[in-house]
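The structure under discussion appears below in the form of structure tokens.
Rule-based calculations on the coordinates, nothing more; no lab input. Model, not experiment: these values are computed from the prediction. Every residue, glycine among them, receives a Cβ derived from its backbone with ideal geometry; neighbour counts consider all protein chains shown.
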Amino acid sequence: MNPKAAVLEREPATSDFLSDVIAGLSSDPRTLPCKYFYDARGAALFQKICELPEYYITRTEIEILDRHRAEIASHLGAKIELIGLGTGAGTKTRILIEALEKPAVYIPVDISKKQLRESTGLFQQIFPDLEILPVCADYLQSVVLPSPRRKAARKIVYFPGSTIGNFEPHEATDFLRRIANLCGDEGGLLIGVDLQKDRHVIEAAYNDSAGVTAEFNLNLLTRANHELGADFDLAAWHHHAIYNSREGRIEMYLISETRQHVHIEDRQFDFHAGERILTEYSYKHTPDGFAALARNAGFEFQKMWSDEARLFGVFYFKL
């Protein structure tokens, strides 16, 4: 890797993982934070999920970006500082940067150090004139970003992949307010949003026939065993995701097969057969509903690009 683009490491400490797991398992209902999905193995499993026939989200977002890249780039403008939150392998970001006019700086912020290093190395080869400042951090928390050498015309935050759906609506508004502060005056936001649709399409995407999403979900327990010394019996848990049409969200669970006890450090957690651990919410929005949510955070809606079936939307907002 180019030493000028060495990864700035501000990733969560193991102590954060431990405290979050204990707090989540002590709550009612029991939870595990979905941000911990993305260790090296979790990131690799998610890449497999993105290639599954049932998982429409990634390929649809890529198709939208590819089809409308010139118009999107025109809205974002020239010589921008692009701040990518959770951009992963960078497939979608590459499409965007290729279309931009003389981008000044790219700052990817991701919790997966391995994936960040790999994508940064690739981008340095493809875009040798672009200043790239990768940051390994939990972007859900306040992160101090590095100061670029180059002066940009404006800041654009790029938040792909419908990750905004993991926030409950009030949390999403708070998070978008933080993004607005990050963008500053004249800044903008390009964001991927999964749209409301037939429940069978949504549920199939989160309960794939190959079982990759189940493996991805169970990897949370594997991490807890390896990193925290927990003793989850993986064979005694199964994955299940349902669409809650009243709330407009997917709810992803790990369900205990039997009555069992789990130990983490000096704590014991008792589970009865059928008891659930909530690992993720994924809200699906209407175009008007999401535009209103972003407006409450200070953003002004400019444009939404979508696919013919209206499965997914790429929204652009400015301040």
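Each distinct pair of alpha carbons in region 75-130 adds a 1/r term; the inverse of their mean, the Kirkwood radius, is 11.4 Å. Qualifying GluC sites (Glu not before Pro) in region 151-221, where qualification requires a DSSP coil assignment and no more than 15 other C-beta atoms within 10 Å, comprise GLU186. Taken as entire DSSP H runs, the helices of the chain that both span 15 Å or more between Cα atoms along their own long axis and average -0.5 or more on the Kyte-Doolittle scale are 14-26, 40-50, 56-76, 169-183, 212-228. Run the paramagnetic zone check for ALA292: 7 angstrom along Cα to Cβ, then residues of region 230-263 with backbone nitrogen under 17 Å. Label zone hits: 246-249. Among LYS35, LYS151, sorting on how many other beta-carbon atoms sit within 10 Å of each Cβ, with the fewest leading, yields LYS151, LYS35. Within the chain, antiparallel bridges make up roughly 60 percent of the DSSP beta bridges whose residues both belong there. Computed extension length for ARG59-SER209: 52.2 nm, one decimal, from 0.36 nm per residue of separation with the Cα-Cα distance subtracted. In the chain, the calculated helix contribution to ellipticity at 222 nm averages -11500 deg cm²/dmol per residue, counting -39,500 (n - 2.57) for every DSSP H run with n ≥ 4. Taking 35 Å as R0, compute the FRET efficiency from the Cβ-Cβ separation of SER147 and ARG67 and round it to 0.05. Efficiency, from the Cβ-Cβ distance: 0.50. The eigenvalues of the Cα gyration tensor, multiplied by 5 and square-rooted, give region 28-131 an equivalent ellipsoid with semi-axes of 27, 17, 13 Å from largest to smallest. Each of SER27, SER147 has some number of other Cβ atoms within 10 Å of its Cβ, and from fewest to most they run SER147, SER27. Placing a label point 7 Å from the Cα of LEU278 along the Cα-to-Cβ direction, the residues of region 166-203 whose backbone N falls under 16 Å from that point are 166-172.
Subtract the Cα-Cα distance of LYS79 and LYS114 from 0.36 nm times their separation in residues, and report this length gain in nm to one decimal. Difference between extended and current length: 9.8 nm.
Taking the fewest neighbouring Cβ atoms within 10 Å as the starting point, the ordered list for ASP39, ASP266 is ASP266, ASP39. Computed over the alpha carbons of region 103-156, Rg followed by Dmax gives 11.5, 31 Å. Fully extending the segment from ASN244 to ALA23 would add 77.1 nm, taking 0.36 nm per residue of separation and subtracting the current Cα-Cα distance. Do the alpha carbons of any pairs in LYS102/LYS284; LYS35/LYS284; LYS35/LYS79; LYS35/LYS318; LYS48/LYS155 sit beyond 30 Å of each other, and which pairs? Table pairs above 30 Å Cα-Cα are LYS102/LYS284; LYS35/LYS79; LYS48/LYS155.
Taking R0 as 45 Å, what's the FRET efficiency between ALA309 and ILE126 from their Cβ-Cβ distance, rounded to 0.05? The computed FRET efficiency comes out at 0.90. Short to long, the 5 Å bins of the Cα pair-distance histogram for region 62-203 hold 2, 9, 19, 23, 21, 15, 7, 3, 1, 0 percent of all pairs. Relative contact order for region 116-271 using alpha-carbon pairs under 8 Å, separation at least 6, rounded to a whole percent? Rounded, it is 14 percent for region 116-271.
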